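Below: one structure, written as structure tokens.
The values are calculated or read from the model by the stated rules, or taken from the named source; none is laboratory data. Just so we're clear, the structure is a prediction, and the values are computed from it rather than from any experiment. Here Cβ is always computed from backbone atoms with ideal geometry, including for glycine, and neighbour counts include all displayed protein chains. Protein only, heavy atoms only, side chains kept; ligands, DNA and RNA dropped before computing areas. Shrake-Rupley method; radii C 1.70, N 1.55, O 1.52, S 1.80 Å.
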Amino acid sequence: MEHTSLYFDVVIVGAGPAGSTCALALKNADLKVALLDKTSFPRDKICGDAIPTRVVKVLNRIDQKYVEALRKFELAVSVKSTRVVAPSGKSFTVHWKNEAFNCKRTDFDHLLFNWAKTETSTAIFENTPVLSVTNNNDCIHLHTPGNTFIAPIVIACDGAHSILAKKLNNFTVDKEKYSGAVRAYPNGVIGNTHHLNEIFFSKNLMPGYFWLFPVSESCSNVGLGMLSATIASKKINLKKSLANVVAEFPELTNRFSKVGVQFTVDGFGLTMSDGKTSLSGNQFLLCGDAGSLIDPLSGDGIGNAMVSAWHAAEHVKKFFTKNIFTKEINIQYDNAVYKELGKELKRNYRIMKICSKNPWLIEALIHFFSSENFLSTYLKKKLNKYI
Ligand SMILES: Cc1cc2nc3c(=O)[nH]c(=O)nc-3n(C[C@H](O)[C@H](O)[C@H](O)COP(=O)(O)OP(=O)(O)OC[C@H]3O[C@@H](n4cnc5c(N)ncnc54)[C@H](O)[C@@H]3O)c2cc1C
């Protein structure tokens, strides 16, 4: 096959929530934009499928009609509350003020991707993996099997295993800021209550947690995630542990009695944020998991991916007329992202570190919140703003 050089104003690599959002946010920028993905859509992404409220916030910034469309999307389930269960079985429930959903990522990412494809003039290239990258100071060359894509600014949205973060930003896995997680889709979990997400802390896996999120009337997203440093030090096999957690809680054993534990389990990594990791350099910006922007406490990454992608689009619109995307200019993108997310990410990173070293705190906190006293009721009301 002939190898061709293709020139664009902006190339976005990866069409997950970050990449598709960035293309949507560049809709009226009058720029020649390319969006590449190594796979074709719809495609699966291993995830808890909890679509956080921040997603609604970003879609609103782009165009309110996307929020309306998400509300009407028949494959999304609205979520109103989260129940948190301690190893002892004690639990409390928080009722969320803001809108959130559960939706299989196959469907949610396809929805966003279709908006980028049909509502913008972005040139879409599916089945186009970036295999290697060269930074030529004033532009970046992205080598794919058929073509070389060349642009003065590249937006890396290629996820937790980002080739661009490795090649352009020297990303390496730090086990203190990286989690492993597994996910399965059992049908027939008893009490698969609509509008309620549930989180169970297992005594053997603290501070990792097991989640049970309904994605339809019959199907649940079930998973288990924990810090890679803990997985390595305790030599934990997450896939096997998923079944062990079901056996540990009598409530879960009962609720999974019609399912059994023989379902397919898949795993993937989470690049978590400490609120200060570099997000840019000469001619490139990193968004979402490629920029390690996952919340280290909740594991939510979709909303932060979309926030960063929106800021990336704003940055490109602001500086494209000058066509200067040096490291010194691009640092303004880092500043904008951390102005919005930095305080929360730094705080949650600190809490996650404290809980990792003192897992007993989690049981104590759940006990405190499960008791109906004035202070716990007041704090739960404060908490409900934060999802
Ligand atoms: C088990 C698990 C559970 C999670 N649960 C939740 C949850 O419930 N809620 C939540 O908010 N977050 C959750 N997360 C985090 C969330 O999945 C990510 O933060 C989110 O997917 C980030 O979006 P993204 O667009 O940055 O990357 P991705 O969604 O990973 O998209 C990256 C895209 O880049 C493409 N790509 C990769 N490499 C290349 C290449 N070389 N060339 C071209 N294309 C490429 C991929 O095909 C993919 O489409 C979870 C993560 C895991 C692993």
Quiz item: Taking residue 284, is it over 20 Å from the mean Cα position of the chain (by Cα) and surrounded by 24 or more Cβ atoms within 10 Å (Cβ to Cβ)?
Solution: yes
Quiz prompt | Flag if residue 331 is free of Cβ contacts under 8 Å to residues at least 24 places away in the same chain and more than 14 Å from the ligand (Cβ to nearest atom) | solution = no
Exercise. Select, from 193, 134, the only residue that is free of Cβ contacts under 8 Å to residues at least 40 places away in the same chain and in a loop (DSSP other than H, G, I, E, B).
Key: 193
Exercise. Quick one: which residue in 125, 171, 149, 113 is among the hydrophobic types (A, V, I, L, M, F, W, C), open to solvent by 20 Å² or more (accessible area, probe 1.4 Å) and within 19 Å of residue 313 (Cβ to Cβ)?
Key: 125
Quiz item: Which residues, counting only those in the stretch 358-387, are open to solvent by 40 Å² or more (accessible area, probe 1.4 Å), at pLDDT below 85 and part of a helix (DSSP H, G or I)?
Solution: 367, 368, 374, 375, 377, 378, 379, 381, 382, 383
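Out of all the residues in the stretch 4-43, which are small (Gly, Ala, Ser), part of a helix (DSSP H, G or I) and within 13 Å of the ligand (Cβ to nearest atom)?
Initially, the stretch 4-43 is screened for residues small (Gly, Ala, Ser), giving 5, 14-16, 18-20, 23, 25, 29, 34, 40.
If we keep only those that are part of a helix (DSSP H, G or I) too, we end up with 18-20, 23, 25.
Selection gives 18, 19, 20, 23.
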Quiz item: Looking at this structure, is residue 89 more than 16 Å from the ligand (Cβ to nearest atom) and touching a residue at least 24 places away in the same chain (Cβ under 8 Å)?
Solution: yes
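Would a scan of the stretch 14-36 turn up a residue that is in contact (Cβ under 8 Å) with a residue 60 or more places away in the chain, open to solvent by 40 Å² or more (accessible area, probe 1.4 Å) and of a type in the set (S, T, N, Q)?
No, because not a single residue in the stretch 14-36 is in contact (Cβ under 8 Å) with a residue 60 or more places away in the chain, open to solvent by 40 Å² or more (accessible area, probe 1.4 Å) and of a type in the set (S, T, N, Q).
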Self-check item: Elements of type helices (runs of 4 or more DSSP H) contained in the stretch 211-313, each with 3 or more residues being within 30 Å of residue 168 (Cβ to Cβ), more than 10 Å from the ligand (Cβ to nearest atom) and of a type outside the set (Lys, Arg)
Solution: 228-234
Practice problem: Can you run down the residue pairs with Cβ atoms below 8 Å, 6 or more apart or on separate chains, where the first is in the stretch 256-270 and at pLDDT below 90 and the partner is more than 16 Å from the ligand (Cβ to nearest atom) and of a type outside the set (A, V, I, L, M, F, W, C)? | Solution: 258/188; 259/187; 259/188
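Quick grid of which residues meet (1) touching a residue at least 60 places away in the same chain (Cβ under 8 Å); (2) open to solvent by less than 30 Å² (accessible area, probe 1.4 Å); (3) under 23 Å from residue 102 (Cα atoms):
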| position | (1), (2), (3) |
| --- | --- |
| 167 | no, no, no |
| 181 | yes, yes, yes |
| 185 | yes, no, yes |
| 203 | yes, no, no |
| 228 | no, yes, no |
| 240 | no, no, no |
| 249 | yes, yes, no |
Quiz item: If you scan the stretch 44-65, which residues turn out to be outside any helix (DSSP H, G or I) and either among the aromatic types (Phe, Trp, Tyr) or more than 6 Å from the ligand (Cβ to nearest atom) (or both)?
Solution: 44, 51, 63
Quiz item: Can you find a residue in the stretch 309-326 that is open to solvent by less than 40 Å² (accessible area, probe 1.4 Å), under 14 Å from the mean Cα position of the chain (by Cα) and touching a residue at least 24 places away in the same chain (Cβ under 8 Å)?
Solution: yes
